[in-house]
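K.L.:
Handing you a structure now.
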Amino acid sequence: MEVKANLNHLRMSPRKTRLVIDLIRKMPVDAALDQLRFVGKLAAEPIAKLIKSAIANGVNTYGLDRDNLYIKEIRSDEGVMLKRWMPRAHGRATSIRKRGCHLSLILGEIKESGLKEKKVVKAADPVKLEKLVKEGEAAAQKSGIKADKDQTKKAAGEKARMFRRKAG
């Protein structure tokens, strides 16, 4: 079973992120997160968040065990490059390339568990407003309070008029 996670448009050069990625490739996820905690590079934080996201995907979606996951593949591809200009001597300008990258991560299982299907989460039926109104009226009748329909219509009309003011 493979679990995937992506981080697109990270505003950090791919060369800098590859330095950190090369440290954790083929490691178990817990050991990789411990390694990232003590690396003195700014790229360690977004990479750690990506790994935690992939772990959550595997545990919540596929029901995998966190201790059984390792980093099968991780790569840093070139992303969007922002081009800026810097003034130089004699009226010239030089370009500044602010590089970005895309990170992609694939987690694999150390020992195959045999799980292949996603967990199916059943969504609750949508609540209909008409049904809520009927339930409210039934509850009011049971408690002995009679809802006066004319008063509710007047109140609704007053609210509508309140928002029809002209500006200025």
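K.L.:
On the basis of being of a type in the set (A, V, I, L, M) and either in contact with an Asp or Glu (Cβ under 7 Å, 6 or more places away or on another chain) or under 30 Å from Lys116 (Cα atoms) (or both), does Ala56 make the cut?
P.N.:
Yes: the conditions hold for Ala56.
K.L.:
Checking Lys116 against (1) modelled with pLDDT under 95; (2) surrounded by 15 or more Cβ atoms within 10 Å (Cβ to Cβ); (3) not aliphatic (A, V, I, L, M): exactly one of these is not met. Which one?
P.N.:
It fails just one condition, (2).
K.L.:
Turning to a different aspect of this structure: Report whether or not Ser76 is among the small types (Gly, Ala, Ser), touching a Ser or Thr at 6+ places or on another chain (Cβ under 7 Å) and touching a residue at least 12 places away in the same chain (Cβ under 8 Å). Step through it out loud before you land on a result.
P.N.:
On the way: among the small types (Gly, Ala, Ser): yes; touching a Ser or Thr at 6+ places or on another chain (Cβ under 7 Å): yes; touching a residue at least 12 places away in the same chain (Cβ under 8 Å): yes.
In short, yes.
The values are calculated or read from the model by the stated rules, or taken from the named source; none is laboratory data. Predicted model, so just to flag it, every value in this text is computed and none were measured. Here Cβ is always computed from backbone atoms with ideal geometry, including for glycine, and neighbour counts include all displayed protein chains.
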